[in-house]
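The values are calculated or read from the model by the stated rules, or taken from the named source; none is laboratory data. Because the structure is a prediction, the values reported are computed rather than measured. Heads up, the Cβs are rebuilt from the backbone with ideal geometry, glycines too, and the neighbour counts pull from every protein chain shown. Ligands, DNA and RNA are stripped out before the accessible areas are found, and what is left, the full protein with its side chains, is counted by its heavy atoms. Shrake-Rupley method; radii C 1.70, N 1.55, O 1.52, S 1.80 Å.
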Amino acid sequence: MRKTFLTFVAFCLVVSAYANENLHPLITNVPNRTAKSLNGQWDYIIDRYEVGYYDYRLQPGKWGFFKDQKPKSESDLVEYSFEKSKKMFIPGDWNTADQELKYYEGTVWFRKTFDFSPEENERYFLYFGAVNYEALVYLNGEYIGSHKGGFTPFNFEVTGKLKNGHNFVVVKVDNTRHKDEVPTVNTDWWNYGGITRDVLILKESETFVRDFSVFLSDGKYNEISGWVQLDGTNLQTPVKVSIPELEEEVTINPDEEGKGTFSLKAKPDLWSPQNPKLYEISISVAGNSMREQVAFRHVEAVGNRIHLNGDPVFLRGICIHEEAPFRAGRFNSPAEAHTLLSWAKEMNANFVRLAHYPHNEYMVREAEKMGILVWSEIPVYWTISFTNESTLQNAQNQLEEMITRDKNRGAVIIWSLANETPVSDVRNRFLTKLVQHARKLDDSRLISMAMEKEYHDAFTPAINDPLMDIVDVVSFNTYIGWYDGLPEKCAKMNWKLPNDKPVVISEFGAGALQGYHGTKNQRWTEEYQEELYIQSVAMFDKMDLAGTAPWILMDFMSPRRVLPEIQDGWNRKGLISDQGIKKKAFFIMKEWYKKKR
Ligand code: GCU
């Protein structure tokens, strides 16, 4: 008994020990870097019992699937073969790629073989846009490192580990849900597993610009500032930043840590939904240069309004999950991002809440090109283990990766740190640490989270969340007329809202099966959903709000939605069906937002 217990503890320790090992500091602006894509067909082995990792004593085996062994002779015993295994296109989730894996949660091994000719004096990094949830990464049979968190990028330096000729990458992906992870075990979205975003081999020179930031100086419209972070041995190599369209150029002399700052006098056109102006910038060091497109704008909370470039802006929002239109599953392309964002624009939206986790970089960059303001969030969702130190560390890592990747996206105006987390001392402490971490990483954007309401009585909700004091934007979700009463209850509501900070309704809505019609009191009909929207916008007209974001743009998959003939695994609160068909309520929102423009 004692022996089995110790073996079990050893097993848990091994599992949890693999959180974020050997990661290289995150390289940003990846879409504009020199890279070899490893996207395409990957072989995969479904490994429910993790025989590819553990031996029968539950000890990590040294001859696991990461070795990609082949029988050397007819009598050689090798009990797996990537060659003979199934293939799927990466990036993508396994749930929609393979019917057998629709509901699968566990380990799947992926292998990619590729030829490569590493060049002298060049450095190489293996980069993943995202892997859900835990990734153990191997190159040519050697353990490279690991990462946890399904929605943010990570990279490893593999200089000297790439061979001239045949190479193979093996990734053990495990999307098993655990209580102490982020998110925890219960979510209202499908736990899509797999290598869901781009896999690249980045090539960089010995000393390169790993990270940088360019923005309007605080409170100024005629000065641009920024910093660069070099990576390599010659950390004090001068770096040139130029903005050709503004005929501006500056040379930075980084310090011994390779960090350098700059500011220059310039008056760029300001980015806004009406004028999504982007400036091409070029950053060069040691003769190598890199481009990036940057939006210059200011965002701040002024009293109970959000100001963009000094003027109040009402956030005409909509929530979106990172699920592909027409086919379900995770998407990872500018085209599918464009489709979803075009539907949002068609609804007269100027703002999207990307729920409940950082979406792929294509989505954020496309929103910026299309002039759509962005709320980006980490999956601290519902009942996270607030007392667990490694859960906090995990949440902070995901927060850091989110901010690091998207800090140069001017369209991103709000970092959201949580959704519907129950008020408690441990929760308050946990989230306060996250707010402090976010402000340390980026104090130029607004901080928020979807907070808890309390009811003085059935018709008098108030936002009394203690964390209201530490955020910039007070947000909450409300389902008056769906989870709470019928649509007509909206007219009776008497909201107690703070008036010293902007208040954004981060969710409201109702379910409706597209094409299902009936009376306005008949649940699941388009008429019921339409009525709820009619009543809700009338209620909002009486409230002093800075923005709204209906739940949700498009129906999405959720294992919590099991009502036959209506839900069948779908959350039906979309204003558009998963097949792109608009429901009646879509037009109510479109009209209301037209008036709000
Ligand atoms: C919650 C939650 C969403 C969920 C929605 C719903 O408020 O934040 O993730 O999908 O309500 O119940 O449909």
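The figures follow:
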read-out	value
Greater than 32 Å apart at Cα, pairs in K489/K595; K62/K112; K172/K453	K172/K453
Difference of contour (0.36 nm per residue) and Cα-Cα distance, S263 to A538	94.3 nm
Cα gyration tensor shape of segment 383-438, rounded if a/c is under 1.5, else prolate or oblate by comparing a/b with b/c	prolate
Debye equation applied to the C-alpha atoms of segment 475-585, log10 I(q)/I(0) at 0.11 Å⁻¹	-0.35
Carbon/sulfur fraction of accessible area - the chain, other protein chains in place, 1.4 Å, %	51
Within the chain, helix-based [θ] at 222 nm, where runs of 4 or more DSSP H residues each add -39,500 (n - 2.57), nearest 500	-5500 deg cm²/dmol
Solvent-accessible area per residue, Å², over the chain with all protein chains present [probe radius 1.4 Å]	40
Debye, to nearest 20: dipole size of the chain, +1 on Lys, Arg Cβ, -1 on Asp, Glu Cβ	880
Packing-based order for 87-97, 585-595, using average beta carbon neighbours within 10 Å, highest first	87-97, 585-595
Three-way shape label, segment 431-491, alpha-carbon gyration tensor, a/c 1.5	prolate
Where N is the number of residues in segment 510-549, Cα Rg divided by 2.2 N^0.38 Å	1.33
Residues of type lysines that K240 reaches as a straight line, Cα spacing below 30 Å, ignoring anything fewer than 8 places off in the same chain	K36, K203, K220, K259, K265, K267, K277, K369, K407, K440
Separation of alpha-carbon centers, segment 437-513 and segment 260-327, rounded to whole Å	26
Pairwise FRET efficiency - S73 versus E488, Cβ, R0 = 56 Å, nearest 0.05	0.10
Table column - 3J(HN,Hα) (Hz), segment 158-170, Karplus curve with 6.51, -1.76, 1.60, x for Gly and Pro	10, 4, x, 9, 8, 9, 7, x, 6, 9, 8, 9, 10
Beta bridges per DSSP with both ends in the chain, % antiparallel, nearest 5	75
Rg over Rh, two decimals, segment 34-138 (C-alpha only, Kirkwood Rh)	0.99
Hz values of 3J(HN,Hα) by residue in segment 451-462 - Karplus curve (6.51, -1.76, 1.60), Gly and Pro given as x	9, 8, 9, 10, 10, 6, 8, 4, 10, 10, x, 9
All Cα pairs of the chain, percent lying beyond 34 Å	44
Positive dipole terminus of segment 424-524, leading residue within L486, H517, V504 (C-beta point charges)	H517
Of K148/K179; K86/K161; K102/K573, pairs whose Cα-Cα distance is over 25 Å	K86/K161
Leading residue at positive end of dipole, the chain (Cβ point charges), from V380, L23, G141	V380
Net +/- balance of residues flanking Y80 in space, Cβ distance below 11 Å, scoring K and R +1, D and E -1	-1
Radius 12 Å from Cβ of D269, net charge of other residues (Lys, Arg +1; Asp, Glu -1)	+2
Farthest positive-ward along the chain dipole, Cα basis, beta-carbon charges - from M557, G219, N288	M557
Under 5 Å, built H, 5+ apart or other chain: amide partners of T421	W382
Cα gyration tensor, segment 205-304 - rounded (a/c under 1.5), prolate or oblate	prolate
Whole-angstrom Cα spans of segment 321-464 along principal axes, big to small	44, 39, 31
